[in-house]
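The values are calculated or read from the model by the stated rules, or taken from the named source; none is laboratory data. This one's a predicted model, so the numbers in the text were calculated from it and none came from an experiment. So basically every Cβ, Gly included, is an ideal-geometry build from the backbone, and we count neighbours across all protein chains shown.
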Amino acid sequence: MMLISRNQEKLDDVARSLEDQYKVETRTIAVDFGISDIYGTIEEGLVGLEIGVLVNNVGVSYPYPEYYLQIAELDKFITNMINVNITSVCQMTRLVLPRMAERSKGVVLNISSASGMYPLPLLTLYSSTKAFVDFFSRGLQEEYRRQGIIIQSVLPFFVATKMTRIRKPTLDKPTPERYVAAELSTVGLQGQTNGYFPHAVMGWLTTKLVPCNVVILYGGRMNRLQRTGYLKRKKLREQRNGNSVKND
Ligand SMILES: NC(=O)c1ccc[n+]([C@@H]2O[C@H](COP(=O)([O-])OP(=O)(O)OC[C@H]3O[C@@H](n4cnc5c(N)ncnc54)[C@H](OP(=O)(O)O)[C@@H]3O)[C@@H](O)[C@H]2O)c1
């Protein structure tokens, strides 16, 4: 098992728990996918390893839904999001796919998002990067299918993770464990999948039943409400902090 992420301490923790639980040798590479010249380091770390399954999971979203021009430090935000969400998928595939093609065997799971199925206003850049991942995966699947390689585009709706800050999992917002168990049962059966039955129903409703323009309109409205709530809570927190500094 090779884990690649940015924080060595977290990587060590996960590596240790995987080794304890599954008795599998686990190595790590600590790199920041927000930077584009890391792929030499990753290539060196992969030398001599036969990668059977590549999971392109790394991703970043917005801290809260926001109008494009009002995103803080927009220039840096764009570069980081494109490097993490798009460049990582293309470059990791470039590094791993050649040996899979030689062996005529391998699986690549690209984690897109349901927000890549249609434009999502106020999360526009995120939604667009995920649409890229979906297109890239489906195109590549057709290129390499005959060589026995599976490339799957995975498009989850909400999952209760650090990214979504959902603390209480529900049927439609499952734990990562529940989502992944369901998702893995679709590998080899579906090239493009929402990965989990309740998400598949939501995917069907929002693409087949409701016109795309209505989904975009509703998504924009939902995100505007979330933005307002987030900014209100932020203002209250700042006022409270200001008051406590005054009282001190
Ligand atoms: N959760 C959802 O509802 C949902 C829905 C649809 C799609 N997705 C997609 O699923 C994937 C996993 O998301 P998640 O919800 O598990 O998110 P998450 O909890 O935020 O995990 C993302 C992982 O990526 C790492 N990471 C972030 N930026 C990085 C960088 N610049 N360099 C290296 N590593 C970096 C994070 O490391 P740190 O721990 O150091 O931050 C973390 O391990 C993403 O591609 C996301 O877009 C998620």
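Condition (residue is among the acidic types (D, E), under 30 Å from L123 (Cα atoms) and either without any contact (Cβ under 8 Å) to a residue 40 or more places away in the chain or within 12 Å of the ligand (Cβ to nearest atom) (or both)) applied to the range 68-86: is it met by at least one residue? Within the range 68-86 (the criterion being among the acidic types (D, E), under 30 Å from L123 (Cα atoms) and either without any contact (Cβ under 8 Å) to a residue 40 or more places away in the chain or within 12 Å of the ligand (Cβ to nearest atom) (or both)), the answer is yes, since at least one residue qualifies. Considering the range 162-183, the residues that are surrounded by 15 or more Cβ atoms within 10 Å (Cβ to Cβ) and near the ligand (Cβ under 9 Å from one of its atoms) include one that is farthest from I111 (Cα to Cα), namely I166.
What is the number of the single condition among (1) in contact (Cβ under 8 Å) with a residue 60 or more places away in the chain; (2) surrounded by fewer than 22 Cβ atoms within 10 Å (Cβ to Cβ) that V133 does not meet? So V133 meets the others, but not (2).
Taking the stated definitions as given, is Y179 free of Cβ contacts under 8 Å to residues at least 60 places away in the same chain, assigned to a helix (DSSP H, G or I) and in contact with a helix residue (DSSP H, G or I) (Cβ under 7 Å, 6 or more places away or on another chain)? Criteria not met by Y179.
Taken over the range 97-116, the residue count meeting the criterion of being touching a strand residue (DSSP E or B) at 6+ places or on another chain (Cβ under 8 Å), of a type in the set (S, T, Y) and surrounded by 15 or more Cβ atoms within 10 Å (Cβ to Cβ) is 1. Of all residues in the range 97-122 being among the hydroxyl-bearing types (S, T, Y), within 16 Å of the ligand (Cβ to nearest atom) and assigned to a loop (DSSP other than H, G, I, E, B), which is farthest from S137 (Cα to Cα)? Selected residue: Y118.
A quick yes/no check of all residues on (1) more than 21 Å from the chain's Cα centre (by Cα); (2) at pLDDT 95 or above:
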position: T193; (1), (2): no, yes
position: F197; (1), (2): no, yes
position: A200; (1), (2): no, yes
position: P211; (1), (2): yes, yes
position: G220; (1), (2): no, yes
position: R224; (1), (2): yes, yes
position: G229; (1), (2): yes, yes
position: G242; (1), (2): yes, no
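Consider the range 1-29 and keep the residues that are of a type in the set (A, V, I, L, M) and either surrounded by 15 or more Cβ atoms within 10 Å (Cβ to Cβ) or within 14 Å of the ligand (Cβ to nearest atom) (or both). The one that is farthest from K76 (Cα to Cα) is L18.
Among the numbered conditions (1) away from the ligand (no atom under 12 Å from the Cβ); (2) part of a helix (DSSP H, G or I); (3) among the hydroxyl-bearing types (S, T, Y), the only one that T186 does not meet is (2). Exactly one residue among I35, I51, I82 is at pLDDT 95 or above and outside any loop (DSSP other than H, G, I, E, B), and that residue is I82. Would you check if D32 is of a type outside the set (K, R), within 23 Å of R165 (Cα to Cα), surrounded by 11 or more Cβ atoms within 10 Å (Cβ to Cβ) and free of Cβ contacts under 8 Å to residues at least 12 places away in the same chain? No: the conditions fail for D32. In the range 89-96, is there at least one residue being part of a loop (DSSP other than H, G, I, E, B) and either exposed (fewer than 12 other Cβ atoms within 10 Å of the Cβ) or in contact with a Pro (Cβ under 6 Å, 6 or more places away or on another chain) (or both)? So far as the range 89-96 goes, no, none of its residues is part of a loop (DSSP other than H, G, I, E, B) and either exposed (fewer than 12 other Cβ atoms within 10 Å of the Cβ) or in contact with a Pro (Cβ under 6 Å, 6 or more places away or on another chain) (or both).
Select from the range 189-207 the residues that are in contact with a helix residue (DSSP H, G or I) (Cβ under 8 Å, 6 or more places away or on another chain), of a type outside the set (S, T, N, Q) and part of a helix (DSSP H, G or I) and list them in ascending order. Passing the criteria: F197, H199, M202, G203.
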